[in-house]
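So the structure is just underneath, and the comments pick up after that.
The values are calculated or read from the model by the stated rules, or taken from the named source; none is laboratory data. Everything numeric in this text was worked out from a predicted model, so none of it was measured. Counting neighbours? That spans all protein chains shown, and the Cβs are built from the backbone with ideal geometry, glycine included.
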Amino acid sequence: MTPMSFDYPISVAILYSGGSSADDQDTLESVNGIAESLTSMGHMVRIFAVTKKNWRKAVRIPGDVVFNLVEDQGWEMYIKIGVHLEMLGRAQVGHDLRCFKYIATKAGMKRKMERMGISTPGFRIFNRRSHINQVRGLEYPLIVKPSGEHAGIGISQDSVVIDQEELIGRVKYLFKNYPGIVLAEEFIDGREIHVTVIGNGRHIVCLPFSELNFKGEFADNWNVYTYDAKWEKESWEYWNVRVSAPAKVNRKLSDKIEKLSIAAYKAFGCRDIARMDIRIDENDIPYVVDVNMMPSLNKFDDEDATLESVKALGWSYDEFIETIIAMTYKRVYGKLPKLIRERHFLLSAPVRV
């Protein structure tokens, strides 16, 4: 596999929403890293901070290609911006209109996988009127998550429950602290592999797999990639889980993971790039537990699973980012540019609107 590149520079708009949480800071680092990379290769970059008041302006920020990195709570602005970018025919990195309804709810994603025959752990969905003890057909332990959150929000060591009493307690806790419905699924107590998939149409490929390695104090706890493990640098969880690539898997398991990842990518109408979070049980059966339709691209994070896969492939961060925008550009415009669409950028510095 070889990276794609441009003979002529293009312009790129990066839309994001600010915030003070650790995952918001990760997004901001991703924005800065992408902008720095594209600028170094001669492309023009515009960065726009989106709010509820200016989101209509945001979708019209000039750019041959647009990164929608808005991650507001409840995904309201994210979805509005994504839908309007599609309506305007903009070249938006990532998924299409079919995907947006699955972004805001893990429950909807699980139902889709069940309908499409994508291997995923058994699950139940609870609303505030549900009889929580009705989990017939599922085997404990279960992992219980708020359906409408992302980036590990609402997931901790307490998310894994071993009996009905703990299940009821955890579901009630989530109803009290988070909006929306709650998802409980069978906890696959095995390896966790992250698979970044790129491409469109007939040209869809998996990057080398990354694996989360749970060490140290995880020996006496659940191997769960919690919010603390992802973001809280003062927690024991953060320092006891590390990402490595390529993951060491045999050929038979590798084929299963690749086939499952590409099937999920196609089932959800993913475009350009997505990441599949997969758990492997004791019988080497892979299960998709999450589909990240716009994975983190934070080059400043040494534990970024996608970028670890990029390194294992032998590409630089710059080559990877340019490949992603080239795939997006070609998908929308049919071919890579043979002329400079915004000549004035040669005299301009990157613009932060």
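Under the condition of being over 13 Å from residue 184 (Cβ atoms) and surrounded by fewer than 20 Cβ atoms within 10 Å (Cβ to Cβ), the residues counted in the range 133-151 number 2. Any residue in the range 244-268 that's in the same structural domain as residue 201 (by TED's automatic domain parsing): show its pairings with residues that are among the polar types (S, T, N, Q) at Cβ separation under 8 Å, as long as the two are six or more apart or on different chains. Sorted first by the residue in the range 244-268, then by its partner, the pairs are 244/210; 244/213; 245/210; 245/309; 246/210; 246/309; 247/210; 260/119.
On the basis of being more than 12 Å from the chain's Cα centre (by Cα) and touching a residue at least 40 places away in the same chain (Cβ under 8 Å), does residue 276 make the cut? No.
Here residue 67 clears all of (1) closer than 27 Å to residue 312 by Cα; (2) more than 22 Å from the chain's Cα centre (by Cα); (3) part of a strand (DSSP E or B) except the condition numbered (2). Residue 201: farther than 22 Å from residue 73 by Cα and surrounded by fewer than 18 Cβ atoms within 10 Å (Cβ to Cβ), yes or no? For residue 201, the condition - farther than 22 Å from residue 73 by Cα and surrounded by fewer than 18 Cβ atoms within 10 Å (Cβ to Cβ) - is met. Looking only at residues of the range 48-64 that are farther than 15 Å from residue 78 by Cβ and in contact (Cβ under 8 Å) with a residue 60 or more places away in the chain, we find that the one that is surrounded by the fewest Cβ atoms within 10 Å (Cβ to Cβ) is 62. The set of residues in the range 1-21 being more than 19 Å from the chain's Cα centre (by Cα) and among the small types (Gly, Ala, Ser) consists of 5, 11, 13, 20. Counting just the residues of the range 289-319 that are acidic (Asp, Glu) and not in a loop (DSSP other than H, G, I, E, B), which one comes out surrounded by the most Cβ atoms within 10 Å (Cβ to Cβ)? Across the range 289-319, the extreme among qualifying residues is 308.
Among the residues of the range 14-29, is any in a strand (DSSP E or B), buried (at least 16 other Cβ atoms within 10 Å of the Cβ) and not hydroxyl-bearing (Ser, Thr, Tyr)?
So far as the range 14-29 goes, yes, one or more of its residues are in a strand (DSSP E or B), buried (at least 16 other Cβ atoms within 10 Å of the Cβ) and not hydroxyl-bearing (Ser, Thr, Tyr).
State all residues of the range 39-64 that are assigned to a loop (DSSP other than H, G, I, E, B) and farther than 14 Å from residue 88 by Cα; if no residue qualifies, say none. Across the range 39-64, the qualifying residues are 41, 42, 43, 50, 51, 52, 53, 54. For the range 129-145, filtered to residues that are part of a loop (DSSP other than H, G, I, E, B) and basic (Lys, Arg), the residue that is nearest to residue 105 (Cα to Cα) is 129.
In this structure, is residue 165 over 20 Å from residue 102 (Cα atoms), in contact (Cβ under 8 Å) with a residue 60 or more places away in the chain, not β-branched (Val, Ile, Thr) and not in a loop (DSSP other than H, G, I, E, B)?
No.
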